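Inspection log for the structure reproduced underneath, given as structure tokens.
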Amino acid sequence: MDINALWKQTTTAPLVGGIAGKKVFSIAFSRFAPYFSTIGATVTVLEPNHVELVIPNKKKVHNHIGTVHAIALCNGLEMAMGALAEATIPKSKRWIPKGMSIEYTAMANTDITCIAETDQEQWDTANGALDVRVKGVRTDGTVVIEGVIKLWVTDKPAKKSA
């Protein structure tokens, strides 16, 4: 799947485009990892090395005290990281998540923007571990969760000739 082409197609289409196109993209992207659909997130920015998405503050993602559940936040961070990895990784490489280290820093009681970021040099020189910086931010700018998702990046195996 060419995530960059899908983004361009859905967000610039004459009849869909804009926020509707971003929602269409988000639904399509969620089909690759169906658990992503459980948080109802919308990808709002998709660029190499930078992805943002918004988890709406709705009952379906709440915990017992009425804030966005910790696992919903982690799911949003992983969705942002996955989109970033697909939009950024050189075609000669492949990736898989290796781990996540996060801290909860404040109550998630508004819509939450999940942000994943890397630097291009990380991808250009990747041969093994690669850290993706992630955070979730309330609408007032308060960071509610932050950390690192560790990826394992390797060269794709050579294709066998027939």
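The values are calculated or read from the model by the stated rules, or taken from the named source; none is laboratory data. Every value quoted in this text rests on a predicted model; they were computed, and no experiment measured them. Virtual Cβ from ideal backbone geometry, glycine too; neighbours counted across all protein chains shown. Side chains are part of the model used for accessible areas, which takes the heavy atoms of the whole protein and leaves out ligands, DNA and RNA. Shrake-Rupley method; radii C 1.70, N 1.55, O 1.52, S 1.80 Å.
Just to be sure, is THR110 over 15 Å from the mean Cα position of the chain (by Cα) and not aliphatic (A, V, I, L, M)?
Numbers: over 15 Å from the mean Cα position of the chain (by Cα): yes; not aliphatic (A, V, I, L, M): yes.
In short, yes.
Among the criteria (1) modelled with pLDDT under 95; (2) in a helix (DSSP H, G or I), the one LEU77 does not fulfil is (1).
Being in contact with a strand residue (DSSP E or B) (Cβ under 6 Å, 6 or more places away or on another chain), of a type in the set (Lys, Arg) and free of Cβ contacts under 8 Å to residues at least 60 places away in the same chain narrows it down to one residue among LYS58, LYS22, LYS8; which is it?
LYS22 is the lone residue from the list that is in contact with a strand residue (DSSP E or B) (Cβ under 6 Å, 6 or more places away or on another chain), of a type in the set (Lys, Arg) and free of Cβ contacts under 8 Å to residues at least 60 places away in the same chain.
All conditions in (1) open to solvent by less than 10 Å² (accessible area, probe 1.4 Å); (2) under 13 Å from the mean Cα position of the chain (by Cα) hold for VAL68, with the sole exception of (2). Among the residues of segment 139-162, the ones that are open to solvent by less than 40 Å² (accessible area, probe 1.4 Å) and more than 19 Å from LEU84 (Cβ to Cβ) come to 1 in all. Can you name the condition, by its number, that ALA126 falls short on among (1) without any contact (Cβ under 8 Å) to a residue 40 or more places away in the chain; (2) among the aliphatic types (A, V, I, L, M); (3) assigned to a strand (DSSP E or B)? Of (1) without any contact (Cβ under 8 Å) to a residue 40 or more places away in the chain; (2) among the aliphatic types (A, V, I, L, M); (3) assigned to a strand (DSSP E or B), only one is false for ALA126: (3). Among the residues that make up segment 84-104, is at least one of them part of a helix (DSSP H, G or I) and either farther than 28 Å from LYS159 by Cα or among the aromatic types (Phe, Trp, Tyr) (or both)? No, segment 84-104 contains no residue that is part of a helix (DSSP H, G or I) and either farther than 28 Å from LYS159 by Cα or among the aromatic types (Phe, Trp, Tyr) (or both). If the condition is being buried (at least 18 other Cβ atoms within 10 Å of the Cβ) and acidic (Asp, Glu), then segment 1-52 contributes only GLU52.
Of all residues in segment 43-56, none satisfies being of a type in the set (D, E, K, R), at pLDDT below 90 and within 27 Å of ARG94 (Cβ to Cβ).
Output the residues belonging to segment 53-65 that are part of a helix (DSSP H, G or I) and surrounded by 15 or more Cβ atoms within 10 Å (Cβ to Cβ).
In the first step, residues of segment 53-65 are kept if they are part of a helix (DSSP H, G or I); the result is 59-61.
Across segment 53-65, the qualifying residue is only VAL61.
Quick grid of which residues meet (1) more than 20 Å from ILE55 (Cα to Cα); (2) of a type outside the set (S, T, N, Q):
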| position | (1), (2) |
| --- | --- |
| ILE89 | yes, yes |
| LYS93 | yes, yes |
| LYS98 | yes, yes |
| TYR104 | no, yes |
| ASN109 | no, no |
| ILE115 | no, yes |
| ARG133 | no, yes |
| ASP140 | no, yes |
| TRP152 | yes, yes |
